[in-house]
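Accompanying notes for the structure given below.
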Amino acid sequence: MMNVEMDSLDRLGAAAFDGFLVRKDLVRRYARQYPVPTYVVEFLLGRYCASVDEEEIAEGLEIVEKQLRDRTVRTGTEELFKAQARDRGSVKIIDIVKARLDTKNDCYIAELPSLTLRDVRIDDSVVRENERMLTDGFYAEVTLSYDAIIAQEKGGRPFGIEALRPIQLSKSDALEVLARGRAKFSTREWLDFLIRSVGLEPSSLTDRAKQVMLLRMAPFVESNYNLVELGPRGTGKSHLFQQISPYAHLISGGKATVAKMFVNNSSGERGLVCRYDVVCFDEVAGVSFDQKDGVNIMKGYMASGQFSRGKENIRAEGAIVMVGNLDVDLEQQQKIGHLLGPLPPEMRNDTAFMDRLHAYVPGWDFPKLSPTEHLTDHFGLVSDFISECWSRLRSVNRTQALERVHFGGALSGRDIEAVRKTFNGVAKLLFPDPDTPIPDEDLEWIVRLALEARRRVKEQQKRVFKSEFRNTHFSYTLGADGVEQFVSTPELHSDEAIESDPLPPGQVWAVGASAETAPGLYRLEVTCGPGSGVKILNQPTPPALRESVKVGEQNLYARSREMVGDRNPREEEFSIQMRAMDSDKTGAGLGLPVLVALCGSLLGRNSRGGTIVVGSLNLGGSVELIPNAVRIAELAVDRQAQTLLMPVSARKQLNDLPDELWTRISIEFYKDAADAVFKALED
């Protein structure tokens, strides 16, 4: 057995969760050798090897190996196990147990797939205690008996299930153990430990990939949560739903029946969403329902958590997850359609269906899994312990922490509900103890993640039906005195283009208005704090930029009452940085955009999204004539700006602007500097 050097996270885990840890490389070793899922192997390893002591692990491994060798049925050994049951009277196996009602004889019969037995006797009480065997079954340790007398009867069923032990933990204080252990970790350490617990190595993942993992885990702890993830092949999208938890069920691409998913109308038997915490559609592009109204039933369930059988309304809590492959490059997909294009045809362009999705996980931000790089050899929580905890966390609510957050006007009621559910899921994963407060810095990034995941859905709706979903500028304000912050989806951002989201206070897109240089795009970023004066961070400072800043600063001081009301700019120290996006890096002719940025920073007001501000000022406060208005408008169109804010004196020059360009940008005019500030900043 390979010895693994324990790191600080292993030692922390061992101190916090003694008896609930397992070495994840051992899990992989046995999961590959035997025909059972990972969580079955972990169940046994957890029972016999939940230790960090090498000798104890070695002793436990012998027992686990013997049980897996003696009790799992490999292809070709079925008759050997049946013969052993006959010769010895009984045999112990590890297998999926399914059951169905035999109406002719008014009794239940069980099925053991690995032994190809479809008519095994089973006691009614065992079925009632384990109703999941009536749907797709579950893994269990089974004592299978053989009765020679019954074998001689006509139509007799000699095989019977004598005893059954489901392969899942039922520990009444699991959540208390989890909460006590979690208290010993920082948020970052706990996130890394969670990722190790599902078999991956956090040190090989970026922060962005770790966030993807958190979103994948959220359906396990949040009831009635609807999630979609599309991304490249080989990134482990379905691994979590297939291998980690007995409370999740994976449907591979193909036909899904309404009876199996929801309810069998003739027998009344409840379907997968009633019996599992998570139902995941793998290869979702190939999924279709056996009935025409299947998608409508699912849409209704995703919206309300219920469906009907005749006059009866049935409630269920199973989360719906859809994973699939996005086979083309992101930018290409956004040019030819939208990012939900790989969904089945009846869902693909249905904005009402999209509206039921609480989050869209960016699968393209997760690396292709490499066994040597991304799979961990360290310790993590035993799968059946963590899956039991996750299942119980579904009844916990952490949304009271959102009382400190105010969402912007672009979010509809359904958007807020989606963001709250994503937040609740991620918050419960990271802070499982409901009495532990969530620090502001963690609260903020979880809120941003939840807003981004929902906005990604909204952006696809916008592409399908632009007029109805025009405003996708999701924002939030943290605390009563906070500044409104906007959250975008990174894949929409292009270094070449100007985003339509409002910019934070003090940031402005600008084009230099100078006769000496060709028009160039700049981004100005200003911050302010107690002190005095303006500090330029660009070093060495181009002389033309120094002049632009000086003009903007003097105009702010001279007309402060008009621009910023009772705020005194002389009591603030401003820091300004200019980022040149084109070849012109002089900063010439930026006096008015500098003034707008200084005012926005001082007032704490966002700059309008998608807007370029143009204008050159003199020290007396007059707006100077722009020498090249048409070229500036062409540049603004090239950079996909939505609005160009120019002095009204440029209007005559724009008579030469081609008609086709007028239709691609909105040009607004201002009469003086104060009017420009008013029009450039958000209300």
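Here are the numbers:
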read-out: Selection status of Gly294, of a type outside the set (D, E, K, R), more than 25 Å from Ser245 (Cβ to Cβ) and surrounded by fewer than 15 Cβ atoms within 10 Å (Cβ to Cβ); value: no
read-out: Counted residues, segment 315-328 - those being of a type in the set (A, V, I, L, M, F, W, C) and in contact with a Phe, Trp or Tyr (Cβ under 6 Å, 6 or more places away or on another chain); value: 2
read-out: Restricting segment 651-682 to residues that are among the acidic types (Asp, Glu) and out of contact with any helix residue (DSSP H, G or I) (no Cβ under 7 Å at 6 or more places or on another chain), the residue that is surrounded by the fewest Cβ atoms within 10 Å (Cβ to Cβ); value: Asp659
read-out: Some residue of segment 600-620 being polar (S, T, N, Q), surrounded by fewer than 19 Cβ atoms within 10 Å (Cβ to Cβ) and assigned to a loop (DSSP other than H, G, I, E, B); value: yes
read-out: Elements of type strands (runs of 3 or more DSSP E) contained in segment 446-535, each with 1 or more residues being closer than 25 Å to Leu340 by Cβ and either of a type in the set (Phe, Trp, Tyr) or in the same structural domain as Ser575 (by TED's automatic domain parsing) (or both); value: 475-478
read-out: Boolean, Gly13 is at pLDDT below 90 and either outside the structural domain of Gly268 (by TED's automatic domain parsing) or more than 33 Å from the chain's Cα centre (by Cα) (or both); value: no
read-out: Unmet criterion (only one of (1) over 15 Å from Asp377 (Cα atoms); (2) hydroxyl-bearing (Ser, Thr, Tyr); (3) out of contact with any Ser or Thr (no Cβ under 8 Å at 6 or more places or on another chain)) for Tyr30; value: (1)
read-out: Close pairs (8 angstrom Cβ cut-off, 6 or more residues apart or separate chains): in contact (Cβ under 8 Å) with a residue 40 or more places away in the chain in segment 286-299, of a type in the set (D, E, K, R) and part of a helix (DSSP H, G or I) anywhere; value: Ser288/Glu346; Val295/Glu346
read-out: Val613 vs. criteria touching a helix residue (DSSP H, G or I) at 6+ places or on another chain (Cβ under 6 Å), assigned by TED's automatic domain parsing to the domain that holds Thr517 and not aromatic (Phe, Trp, Tyr); value: yes
read-out: Some residue of segment 16-28 being of a type outside the set (Asp, Glu) and at pLDDT 90 or above; value: yes
read-out: Residues of segment 640-650 satisfying the condition of being surrounded by 19 or more Cβ atoms within 10 Å (Cβ to Cβ) and either in contact (Cβ under 8 Å) with a residue 60 or more places away in the chain or not assigned by TED's automatic domain parsing to the domain that holds Gly589 (or both); value: Ala641
read-out: Residue satisfying all of: in segment 1-14; within 20 Å of Leu178 (Cβ to Cβ) and touching a residue at least 40 places away in the same chain (Cβ under 8 Å); surrounded by the fewest Cβ atoms within 10 Å (Cβ to Cβ) among these; value: Ala14
read-out: Number of the exception - Val177 against (1) assigned to a helix (DSSP H, G or I); (2) at pLDDT 95 or above; value: (2)
read-out: Top-ranked residue of segment 264-278 - restricted to ones that are closer than 21 Å to Lys299 by Cβ and not charged (D, E, K, R), ranked as surrounded by the most Cβ atoms within 10 Å (Cβ to Cβ); value: Val273
read-out: Condition check for Glu547: more than 27 Å from Gly591 (Cα to Cα), surrounded by fewer than 21 Cβ atoms within 10 Å (Cβ to Cβ) and in contact (Cβ under 8 Å) with a residue 12 or more places away in the chain; value: no
read-out: Members of segment 640-683 that are farther than 16 Å from Arg608 by Cα and within 38 Å of the chain's Cα centre (by Cα); value: Thr663, Arg664
read-out: Total residues in segment 370-413, condition out of contact with any helix residue (DSSP H, G or I) (no Cβ under 8 Å at 6 or more places or on another chain) and not in a helix (DSSP H, G or I); value: 7
read-out: Enumerated strands (runs of 3 or more DSSP E) restricted to segment 187-298, each holding at least 1 residues that are under 17 Å from the mean Cα position of the chain (by Cα); value: 226-231, 278-281
read-out: Criterion (in a loop (DSSP other than H, G, I, E, B) and out of contact with any Lys or Arg (no Cβ under 8 Å at 6 or more places or on another chain)) met by exactly one of Ala641, Ala633, Ala597; value: Ala641
read-out: Of residues in segment 550-584 being in contact with a strand residue (DSSP E or B) (Cβ under 9 Å, 6 or more places away or on another chain) and assigned to a loop (DSSP other than H, G, I, E, B), the one surrounded by the fewest Cβ atoms within 10 Å (Cβ to Cβ); value: Asp582
read-out: Looking only at segment 414-471, and only at residues there that are of a type in the set (S, T, N, Q) and over 19 Å from Pro502 (Cβ atoms), the one that is surrounded by the fewest Cβ atoms within 10 Å (Cβ to Cβ); value: Ser467
read-out: Selection count, segment 15-67, where residues are in a helix (DSSP H, G or I) and either of a type outside the set (Gly, Ala, Ser) or surrounded by fewer than 17 Cβ atoms within 10 Å (Cβ to Cβ) (or both); value: 33
read-out: In segment 178-201, the residues that are of a type in the set (D, E, K, R) and closer than 17 Å to Lys24 by Cα; value: Asp192, Arg196, Glu201
read-out: Close pairs from segment 589-606: first polar (S, T, N, Q), partner not in a loop (DSSP other than H, G, I, E, B), Cβ under 8 Å, at least 6 apart; value: Ser601/Val526; Ser601/Thr527; Ser601/Cys528; Ser601/Phe574; Asn606/Phe486; Asn606/Leu503; Asn606/Gly600; Asn606/Leu681
read-out: Odd one out for Leu357 among (1) over 19 Å from Gln333 (Cα atoms); (2) crowded, with 24+ Cβ neighbours inside 10 Å; (3) touching a Ser or Thr at 6+ places or on another chain (Cβ under 9 Å); value: (3)
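Here's the yes/no breakdown for (1) at pLDDT below 80; (2) in contact with a Leu (Cβ under 6 Å, 6 or more places away or on another chain); (3) among the hydroxyl-bearing types (Ser, Thr, Tyr):
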site: Gly479; (1), (2), (3): no, no, no
site: Val483; (1), (2), (3): no, no, no
site: Asp495; (1), (2), (3): yes, no, no
site: Ile498; (1), (2), (3): no, no, no
site: Val508; (1), (2), (3): no, yes, no
site: Leu521; (1), (2), (3): no, no, no
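The values are calculated or read from the model by the stated rules, or taken from the named source; none is laboratory data. In this text the structure is predicted, and so the values were computed from the model without any measurement. A quick note on method: Cβ atoms are made from the backbone with ideal geometry, for glycine too, and the neighbour counts reach across all protein chains shown.
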